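Single-structure report; data block below.
The values are calculated or read from the model by the stated rules, or taken from the named source; none is laboratory data. Since the structure is predicted, the reported quantities are computational estimates derived from the model, not experimental observations. Neighbour counts run over all protein chains shown; Cβ positions are idealised from the backbone, glycine included.
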Amino acid sequence: MAFIQCQFFSDVLQLSTAMTVILPEQTKTQIGLENNKAEGKHQTLYLLHGLSDDQTIWTRRTSIERYVAPLGLAVVMPNVHRSFYADMRYGNKYWTFLTEELPFVARSFFPLSEKREDNFVAGLSMGGYGAFKWALNKPGQISAAASLSGALDIVNLQELRKEDRFFEPIFGEEKIAGTYNDLIYLIEKMKNVDVLPKLYQCCGTEDFLYEDNLRFKEACEATAFDFTFEQGPGSHEWGYWDEKIKDVLAWLPLKNKQV
């Protein structure tokens, strides 16, 4: 695999930013790693970080590079700071950056497929929220999305954090319920949409976001989504996410299925 720390300028953010990129590479003599590179442009997983992290965190805390090596899958990991993948009320337009500028810029640098069926998104915690938010708002771009311990009931979290005004720099003073930031509302809104993304959701039963995840699960089960839910022992920590990202890779509709 090729491992690239890419610094570039964002016109949307109007500042220099960074993404970590893993690209498939076909090798014959590398010891201890089986690489696989398909012909043509690569299927791509946009892998999103959580609240306290950045674009380097998945490669520092998990073996994601080793896991994707036999799959011929490119991985793009952007930096969005503590934005909840939103066009912030008092900050930068990270939603526009993520869903419009980032794919265009990444494809201009690297041989990444623009086809819907070749594009996936996944993330943990805040990134799980961002992954589902992208797939549910723009199903024409993303064919499959996965949330690991995601912050999926943002309306409930806004209510819990109203005293410390945590979400005001991000969403302002207005209610999130019933907007494009409200995942459960989006699930209901998409009941009659013809093209739906596949969804994978997992959460540990000891996670502080477990009840929020159950509420999202119940909303999904009342729809026609191709929806997979997994739960089991686990808390909000990297040992759990390192294991579950392997399940996500096995679940994705990849051209090279060996994991």
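Do we have Val121 as closer than 19 Å to Thr56 by Cα and not in a helix (DSSP H, G or I) here?
yes
Out of (1) surrounded by 16 or more Cβ atoms within 10 Å (Cβ to Cβ); (2) out of contact with any His (no Cβ under 8 Å at 6 or more places or on another chain); (3) of a type in the set (Val, Ile, Thr), what's the single condition that is false for Ile57?
For Ile57, the failing item is (2).
Which number in (1) modelled with pLDDT under 95; (2) of a type in the set (Ser, Thr, Tyr); (3) closer than 30 Å to Ala38 by Cα marks the one condition that Thr228 misses?
Evaluating Thr228 over (1) modelled with pLDDT under 95; (2) of a type in the set (Ser, Thr, Tyr); (3) closer than 30 Å to Ala38 by Cα leaves (1) as the failure.
Please verify whether region 189-201 includes one or more residues that are closer than 21 Å to Trp251 by Cα and among the acidic types (Asp, Glu).
There is no residue in region 189-201 that is closer than 21 Å to Trp251 by Cα and among the acidic types (Asp, Glu).
I'd like to check something: does region 50-69 contain any residue that is on the phi < 0 side of the Ramachandran plot, polar (S, T, N, Q), touching a Leu at 6+ places or on another chain (Cβ under 7 Å) and at pLDDT 95 or above?
Scanning region 50-69 turns up no residue that is on the phi < 0 side of the Ramachandran plot, polar (S, T, N, Q), touching a Leu at 6+ places or on another chain (Cβ under 7 Å) and at pLDDT 95 or above.
Which condition number does Glu221 fail, the rest of (1) among the acidic types (Asp, Glu); (2) under 18 Å from Ile64 (Cα atoms); (3) without any contact (Cβ under 8 Å) to a residue 24 or more places away in the chain being met?
So Glu221 meets the others, but not (2).
If I filter region 2-9 for residues that are more than 19 Å from Glu101 (Cβ to Cβ) and not small (Gly, Ala, Ser), do I get at least one hit?
Yes, there is a match, as at least one residue in region 2-9 is more than 19 Å from Glu101 (Cβ to Cβ) and not small (Gly, Ala, Ser).
Mind checking whether some residue in region 236-245 is out of contact with any Lys or Arg (no Cβ under 9 Å at 6 or more places or on another chain), surrounded by fewer than 20 Cβ atoms within 10 Å (Cβ to Cβ) and touching a residue at least 60 places away in the same chain (Cβ under 8 Å)?
Yes: region 236-245 contains one or more residues that are out of contact with any Lys or Arg (no Cβ under 9 Å at 6 or more places or on another chain), surrounded by fewer than 20 Cβ atoms within 10 Å (Cβ to Cβ) and touching a residue at least 60 places away in the same chain (Cβ under 8 Å).
Quick check on this structure: which one of Ser83, Ser147 is in a loop (DSSP other than H, G, I, E, B) and either under 16 Å from the mean Cα position of the chain (by Cα) or of a type outside the set (Asp, Glu) (or both)?
Ser83
Looking at this structure, is Gly204 at positive phi, at pLDDT 95 or above and either of a type in the set (A, V, I, L, M) or touching a helix residue (DSSP H, G or I) at 6+ places or on another chain (Cβ under 7 Å) (or both)?
So Gly204 fails the test.
Among the residues of region 149-196, what is the count of those that are buried (at least 21 other Cβ atoms within 10 Å of the Cβ), touching a Ser or Thr at 6+ places or on another chain (Cβ under 8 Å) and within 20 Å of Ala224 (Cα to Cα)?
Here the count works out to 1.
I'd like the full set of residues that are outside any strand (DSSP E or B) and over 28 Å from Pro253 (Cβ atoms), limited to region 87-105.
Residues satisfying the conditions are Met88, Arg89, Tyr90, Gly91, Asn92.
With the structure loaded, tell me whether Glu25 is surrounded by fewer than 13 Cβ atoms within 10 Å (Cβ to Cβ) and assigned to a loop (DSSP other than H, G, I, E, B) or whether it fails that test.
no
Can you tell me which residues in region 163-196 are part of a loop (DSSP other than H, G, I, E, B) and over 27 Å from Asn92 (Cα atoms)?
Met190, Lys191, Asn192, Val193, Asp194, Val195, Leu196
Somewhere in region 46-67, is a residue in contact with a helix residue (DSSP H, G or I) (Cβ under 7 Å, 6 or more places away or on another chain) and assigned to a strand (DSSP E or B)?
Looking through region 46-67, at least one residue is in contact with a helix residue (DSSP H, G or I) (Cβ under 7 Å, 6 or more places away or on another chain) and assigned to a strand (DSSP E or B).
Can you tell me how many residues in region 202-226 are surrounded by 18 or more Cβ atoms within 10 Å (Cβ to Cβ) and either under 16 Å from the mean Cα position of the chain (by Cα) or not in a strand (DSSP E or B) (or both)?
10
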